[in-house]
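Take a look at the structure set out below.
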Amino acid sequence: MGISYNRLWKMLIDRKMKKIELQRAAGISGNVLLRLNKDEQVTMESLYKICRVLHCNVGDVMEFTDTEEEQQ
């Protein structure tokens, strides 16, 4: 099972917010931002900080995706 943060990036575009602005406002590290860019797992604490800044829920910024291996 994979993870996609496309919803987060679309939300930032809609709000005209840059990734670096989110990083500073949420108090997350550059490493977390890099992991988000690569659709890798991050801690629930990091997701909570992002959701708190954006006033949304976890499902609004991420979704689980099927990987090619699982589809076969």
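The values are calculated or read from the model by the stated rules, or taken from the named source; none is laboratory data. Remember, predicted model here, so these are calculated numbers, not experimental data. When we count neighbours, we look across all protein chains shown, and the Cβ atoms used for this are built from the backbone with ideal geometry, even at glycine.
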Report task. Identify all residues within segment 1-54 that are under 19 Å from Asp66 (Cα atoms), part of a loop (DSSP other than H, G, I, E, B), of a type in the set (A, V, I, L, M, F, W, C) and modelled with pLDDT of 95 or more; write none if there are none. Result -> Val42
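Quick check, is Lys16 at positive phi and either free of Cβ contacts under 8 Å to residues at least 40 places away in the same chain or not hydroxyl-bearing (Ser, Thr, Tyr) (or both)? Lay out the reasoning, then the answer.
Details: at positive phi: yes; either free of Cβ contacts under 8 Å to residues at least 40 places away in the same chain or not hydroxyl-bearing (Ser, Thr, Tyr) (or both): yes.
It is true that Lys16 is at positive phi and either free of Cβ contacts under 8 Å to residues at least 40 places away in the same chain or not hydroxyl-bearing (Ser, Thr, Tyr) (or both).
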Query raised in the report: Which residues, counting only those in segment 14-56, are more than 10 Å from the chain's Cα centre (by Cα), within 17 Å of Ile3 (Cα to Cα) and of a type in the set (Asp, Glu)?
Result: Glu45
